[in-house]
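The values are calculated or read from the model by the stated rules, or taken from the named source; none is laboratory data. Please read these numbers as outputs of a predicted model, since none were measured by experiment. Here the Cβ positions follow ideal geometry from the backbone for every residue, glycine too, while neighbour counts run over all protein chains shown.
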Amino acid sequence: MSRKRKPQITITVDGVEIGCEEGVMLHDAAKDGDVEIPVFCYEPKLGDPVGACRMCLVEIEGIPKLQTSCSTPVRDGMVVYTQNDRVKEAQNAVVEFLLVNHPLDCPVCDKGGECPLQDISMGWGEGKSRVTDPKRHFQKPIPLSPLIKIDRERCILCYRCVRFSQEVAEDEQLQLLERGPKTFVGTYNDRPYVAPFHGNIIELCPVGALTSQAYRFRARPWDIEDAGSVCTLCPSQCNVKFTVRDEGVVRVLGRDNEEVDDGWLCDKGRFGYQMFSSGDRPTSPQIREGGALREASWDEALEHAARGLTEAHGKVAAIVGGGASNEEAYLLQRIVRGPLASTDVTGGAHAALPAAARRALADPSLAVSTSQIDDANAILVVGTDPMHEMPILELRIRKAVRRRGADLLVATERPTALDGGSAVGTSGCLEAKRYAPGAAADFLEELVGEVREGESEFAKALTGADDAVVVWGESVTAGPDGERAAAALLALAAELDLAGQESGGLYEVPADANGRGIREAGASQNTGPGLTDAPAGRSAAEIRDALESGELEALILWDVDPVRDFDEPEAWSRAIGASNFTLSASMFGNASGQNADVHLPAETHAEKEGTVTHPDGRLQRVRPSIPHPGNAGPLWQALTGLSAKLGDETGAGTAQEVFELLEQDSPLYSGMTYDTIGGTGQRWQESGGAIEGAIEGGAPEGGPSPAAPEPAAGALRLGTYHDLWADYVSERNPALEFLSPDQTVELSEATAKSLGVGNGTEVIVTGDNDRSLRAHVAVRHRIPDDVCFLIEGTRENAANLLSGASTVTIAEAPPEPEEEQTFGTSEREKVEW
Amino acid sequence: MPETRMLFRHIDDPELRTLEGYKRRGGYAALEEVMRLREPEELLSELEQCGLRGRGGAGFSMGKKAGFLPRGEMQKYLCCNADESEPGTFKDRELMWKNPHQLIEGIAIAGIAADTTKAFIFIRGEYAEVGDVLDEAVAEAYEAGLLGEGILGSKETVDLVVHRGAGAYICGEETALLDSLEGKRGNPRLKPPFPAIQGLYGGPTLINNVETLMNVPHVVNNGADWFKSFGTEQSTGTKVVSVSGCVKRPGNYEVELGIPSRELIYDLAGGPIQGEVKAWYPGGSSAPVLGPEELDLPYTFEDMADAGSMLGSGAIIVADESVSIPHMALRTARFYHHESCGKCTPCREGTNWTVKMLERVVRGEATPMDLDIIASVQENIIGHCLCVLGDAMAMPVASMVKRWRGEFEETIAKAREAAPAPLDAEPAIATPIGVGA
């Protein structure tokens, strides 16, 4: 974005003058001038061109040999021919060469009909073959990973998948093996290629060599339609294109948006579509009658809900989950704060920061867009592991480090994938620091001091950068020291003068997919729409206690599962049980909603209409791509209906009109409409949005909390982390189920040795509050010796069972005869290798 | 005309291999001279003026190439290309085996001239014993202060590492050599950027052949004018020529560039074994094949180029009347098919397809039409590849099909007569290859 524009020049391609920026690749310049030059290996997203396929040869006046247009930067006055006899001969030759070994099995090939090799053969090839010799043979198709099959006979060795693995995801797993015409794509020792972004290679493949296990033979290109939307399974909010056949989603592809995702998707977004058509999904509103849920009409269900909520006489609370759209969050807070006359509406598991601090952190001058990370000289990742919490951000950071030489600094409780830096030849991660679980505020305060003193290398990398981006996870401000951490973040920003930097600033990774949108729409305990002041309400934990004590009588659970995901699961079960009336909306049945009095079927992001807000402030539209199943319907409509039944007629008849209401109430989104947001989104910081209300929070009172005591002998500090695959998505999509983790306790080598346990040992982890759970040991490098880590949100033995424990002891579990039943479900699919 | 020995002077003295023996024969005088008297700029201009052309194959002016390296405070590298893998070429092997210090001296001087403080010798893995000789010589040179920090007490530094290749012809291609040296798969890189600007680990890199670097001490000792007094105007100096194939005395002969090719083959190498010369590769197996008509051409870069071939690495392979040209074409093509790295399409598929077609030619399963296809495929390869490996097969094969087309047709006819393929024969199915079979 902020890169300096180079001078405009003019080149001549096939007799037509084209204006372009100096130094862009000839292929791209020609494309802008509507001249298509065929390519296979060239893909700017993958980095520098390799010039391997030779498909894009063109003649340039003054250069005797034909040149690859993908790797030739344009110069002023360049005269290029892409269609003369000499170039045509070369193009024919390359197409012919590519087909020497390519099987002509197009009629049974998944790629047939949307295949660049087909298109280029027809467009730039001779149309006939002179090859009579036998082609090469491989075993085919064989699994490259549990999600991808590889057909090596079809492979034209364009290098794209290998370059993705080595230069974008940097997992380095895919390699070219053998050489010459025997070359093939594979992994070391035929190991399965398991990596969180590997699905992208399917989309990169210009032939049918890499196919999705889940999509193979499900549809042909003429059976399908594309529908653009946004994935709301994590805060990355990648732009996607659903492949729709017979009103069902059969595939998810990336929809290039340089400002959001660079065209990449993680495997969760790519393969997490099977759940849309799951038979387990409730597809109708349900009401509880005589102890059991029965299907009901929308009108009946909403009537029932309105009555139940009204009877609580203001003692109502609502918790909004990360999958909700801005419209839903807005309507929910409006209903709770309006007709239900309560102040208790909140999003997320943790107490909100004071409104002033929240507003200060959202200050547009401190904000950076996602694409500005490309231009940062230094990136500090603190308190988040992007691979697990916002996967596509990890690729963005790797790109900045690898291609632009940004300095990367990491400071987290648990080691991250970014610590290892990237491959040889790049600057990689300068330094990775560890702080004790819960000590983010202490770390940040110390860092602010170091930056002031300018002594440590860590601090120098930040102060020396023209543009520094601080990527911070919401967990940093979630604990008891959250306020202090927020103040330290702001102090760091001030010390580094991030506000004055062009591409520097703070970048928050929210804990929930639409965490930012929900907060900015007003579903927060102390702020209303647009982060304006609102009467203080209860946090999630306070709501739980109030329900148990009877201070609250009714509960709205909107796409959220506190029993699984929040602290104190048992207390939550009791609290929900104590609620006189519960309205829940969820995509699948869950532990929290099983006693609901009214249950509404939640929409998937393929069905929903509405907006979500990206962590960098970009509003994006989620668009309905397929019809709602059964009697399910839009949730925004359910909420306007509920509001009307409660006596507040919103007057909104479409999702767009709900957004207009939000826009009127929120100074941040002022002036935005569905049209201005459009297909690629719009950042409110760039469209006139402004923050209203005080931002001077001042430093919180009280110094640092007393340092956590050293763990007792034999005990370890307990850290927990969010695992990308530990949630309902991997459990509800058969393709991803193999990734759904069982609880593991991560230990350092030394700790494991001293405990006499090894990888896979089953242990019982007991907290200092005497709560315990079972887990399998995973020995990991780089884990500090005095800490162990557990996964949040696993389907059994989730870390929240130990809520309140700060240290734990670990002992080998006594053998259990029915051990198999304890972990995982028996119907779990086995992946054959 | 006898040999003109410059690099080969005293080559048969077994002591030459040691530092002491080399010094006794006047070795390292040039390096000492450079330390005392010469500025890098002066050295560079001398190397350019002497007209020394690269002996590895491309024949580019060594001095010019060294001059392309940017000046300034960055890490620059010197790589000696000792991956001598071109069929028919074995000159560097003998030079390094018998006179390793001359190479080390050349590297040290070139390193100082081009301000490259880190140098590598990339030697093909198959030259295991030669590698050992180099290791010993390098150790000796370090011991004597001729390499490393502060050469001969000066401020100059040249560190030298001998690196053994892993057995790939392509690693003789300069950019593939760099990738291999960096620990990557040895595949050629896209040029530009040329190694002189962005080479090893991204730094400016000078890459020279063994023989080229060995000429450097002689240029320094005797001056550019003396050097230019050998050879022709465009091909100065001497050349170690490897003569092999159907000759009575195969071996390395150092001659002044410009002597008639016939003298090399008939006088020095003893002439063909059976009858007359039928065909000859003038510069390694990648050079288009010449016939008896070209035997009287002077052996120079320019005359070989004018004749439609190239002097290349200076390796003459002679085929006498006993040799079947189609079989020679197949043998040549198979080599490049085996060695193609597979990165770019025309080379990977072109070598593969050509071999299949030539195999049909010698089996008698081809028609004259296939000869047209073979010729056209070679044209489609030439100039379309990422590096010159594809051209290295296409040029000789194309030259053979063109010049000896009649013999190709006869070969097909004879082979078909000998083993007629039934018209309803099952087509040959390639054996499945792959993983986990």
(1) within 20 Å of B:Val130 (Cα to Cα); (2) surrounded by fewer than 22 Cβ atoms within 10 Å (Cβ to Cβ); (3) within 14 Å of chain A (Cβ to nearest Cβ) all hold for B:Arg164 apart from (3)
State the number of residues belonging to the stretch B:313-341 that are under 27 Å from B:Val247 (Cα atoms), surrounded by 24 or more Cβ atoms within 10 Å (Cβ to Cβ) and within 14 Å of chain A (Cβ to nearest Cβ). 2
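Is it the case, given these coordinates, that B:Glu86 is more than 19 Å from B:Pro195 (Cβ to Cβ) and within 20 Å of the chain's Cα centre (by Cα)?
yes
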Lone qualifier among B:Glu149, B:Glu126, B:Glu156 - being among the charged types (D, E, K, R) and free of Cβ contacts under 8 Å to residues at least 24 places away in the same chain: B:Glu149
A:Glu59 vs (1) in a loop (DSSP other than H, G, I, E, B); (2) more than 23 Å from B:Ile374 (Cβ to Cβ): all pass except (1)
Determine if the stretch A:159-170 includes at least one residue that is crowded, with 16+ Cβ neighbours inside 10 Å, closer than 18 Å to A:Thr211 by Cα, modelled with pLDDT under 95 and within 13 Å of chain B (Cβ to nearest Cβ). yes
Where in the stretch A:240-339 are there strands (runs of 3 or more DSSP E), lying wholly inside it, with at least 2 residues that are on the phi < 0 side of the Ramachandran plot and free of Cβ contacts under 8 Å to residues at least 40 places away in the same chain? A:248-254, A:292-295
List the number of the failed condition for B:Glu349; all other conditions in (1) more than 7 Å from chain A (Cβ to nearest Cβ); (2) in a helix (DSSP H, G or I) hold. (1)
Does A:Lys149 satisfy being facing chain B (nearest Cβ under 10 Å) and either in contact with a helix residue (DSSP H, G or I) (Cβ under 8 Å, 6 or more places away or on another chain) or modelled with pLDDT of 95 or more (or both)? no
Scanning the stretch B:352-384 residue by residue, those surrounded by fewer than 24 Cβ atoms within 10 Å (Cβ to Cβ), in a loop (DSSP other than H, G, I, E, B) and facing another protein chain (nearest Cβ under 9 Å) turn out to be B:Gly383
Considering the stretch A:474-485 alone, what residues qualify as being surrounded by fewer than 24 Cβ atoms within 10 Å (Cβ to Cβ) and touching a helix residue (DSSP H, G or I) at 6+ places or on another chain (Cβ under 6 Å)? A:Asp481, A:Arg484
Could you run through the stretch A:722-755 and say how many residues are under 30 Å from A:Glu445 (Cα atoms), of a type in the set (Ser, Thr, Tyr) and touching a Leu at 6+ places or on another chain (Cβ under 8 Å)? 1
With respect to B:Val323, determine if the residue is touching a Pro at 6+ places or on another chain (Cβ under 9 Å) and over 28 Å from A:Arg54 (Cα atoms). no
Restricting to the stretch B:167-184, what's the tally of residues that are in contact (Cβ under 8 Å) with a residue 60 or more places away in the chain and either away from chain A (no Cβ under 11 Å) or out of contact with any Cys (no Cβ under 6 Å at 6 or more places or on another chain) (or both)? 11
Those residues that are surrounded by fewer than 23 Cβ atoms within 10 Å (Cβ to Cβ), touching a helix residue (DSSP H, G or I) at 6+ places or on another chain (Cβ under 7 Å) and polar (S, T, N, Q), I need them from the stretch B:167-211; list them, please. B:Ser180
Looking only at the stretch A:138-146, decide whether some residue is within 7 Å of chain B (Cβ to nearest Cβ) and more than 31 Å from the chain's Cα centre (by Cα). yes
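With the condition kept exactly as written, say whether any residue in the stretch A:188-208 is within 12 Å of chain B (Cβ to nearest Cβ), farther than 19 Å from A:Phe138 by Cα and assigned to a loop (DSSP other than H, G, I, E, B).
No, the stretch A:188-208 has no match at all.
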I need the full set of residues from the stretch A:98-116 which are outside any loop (DSSP other than H, G, I, E, B), in contact (Cβ under 8 Å) with a residue 40 or more places away in the chain and within 9 Å of another protein chain (Cβ to nearest Cβ), in order please. A:Leu98
Boolean, B:Glu156 is surrounded by fewer than 16 Cβ atoms within 10 Å (Cβ to Cβ) and more than 26 Å from B:Lys191 (Cβ to Cβ): no
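Do you know which of the residues in the stretch B:44-88 that are of a type in the set (A, V, I, L, M, F, W, C) and part of a loop (DSSP other than H, G, I, E, B) is modelled with the lowest pLDDT?
To start, the set of residues in the stretch B:44-88 that are of a type in the set (A, V, I, L, M, F, W, C) comprises B:44, B:47, B:50, B:52, B:58, B:60, B:62, B:66, B:68-69, B:74, B:78-80, B:82.
Then drop every residue that is not part of a loop (DSSP other than H, G, I, E, B), which leaves B:50, B:52, B:58, B:60, B:68-69, B:74.
Working: B:Cys50: 94, B:Leu52: 95, B:Ala58: 87, B:Phe60: 93, B:Phe68: 93, B:Leu69: 93, B:Met74: 92.
Selected residue: B:Ala58.
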Selection count, the stretch A:35-71, where residues are closer than 15 Å to B:Cys385 by Cα, more than 34 Å from the chain's Cα centre (by Cα) and of a type outside the set (Val, Ile, Thr): 10
Give the residues of the stretch B:111-146 that are hydrophobic (A, V, I, L, M, F, W, C), modelled with pLDDT under 95 and touching a strand residue (DSSP E or B) at 6+ places or on another chain (Cβ under 6 Å), sorted by residue number. B:Ala114
Within the stretch B:342-349, does at least one residue satisfy the condition of being surrounded by fewer than 22 Cβ atoms within 10 Å (Cβ to Cβ) and over 17 Å from B:Pro87 (Cβ atoms)? no
The lone exception for B:Ser244 - which of (1) surrounded by fewer than 24 Cβ atoms within 10 Å (Cβ to Cβ); (2) more than 18 Å from B:Gly51 (Cβ to Cβ); (3) more than 15 Å from the chain's Cα centre (by Cα) it fails: (3)
Take A:Ala417 and decide whether it is away from chain B (no Cβ under 14 Å), in a helix (DSSP H, G or I), hydrophobic (A, V, I, L, M, F, W, C) and within 19 Å of the chain's Cα centre (by Cα). no
It is to be established whether one or more residues within the stretch A:39-46 are within 11 Å of chain B (Cβ to nearest Cβ) and touching a residue at least 60 places away in the same chain (Cβ under 8 Å). yes
Of residues in the stretch B:65-115 being more than 12 Å from B:Asp159 (Cα to Cα) and hydroxyl-bearing (Ser, Thr, Tyr), the one surrounded by the most Cβ atoms within 10 Å (Cβ to Cβ): B:Thr89
How many of the residues making up the stretch A:58-70 are surrounded by fewer than 21 Cβ atoms within 10 Å (Cβ to Cβ), within 11 Å of chain B (Cβ to nearest Cβ) and not charged (D, E, K, R)? 3
So which pairs qualify, if the first residue must be in the stretch A:72-97 and within 11 Å of another protein chain (Cβ to nearest Cβ) and touching a residue at least 40 places away in the same chain (Cβ under 8 Å), the second must be assigned to a strand (DSSP E or B) and among the aliphatic types (A, V, I, L, M), the Cβ gap must be under 9 Å, and the two must be at least 6 apart or on different chains? A:Thr72/A:Met25; A:Thr72/A:Val58; A:Thr72/A:Ile60; A:Thr72/A:Val80; A:Pro73/A:Met25; A:Gln91/A:Leu57; A:Val94/A:Leu57
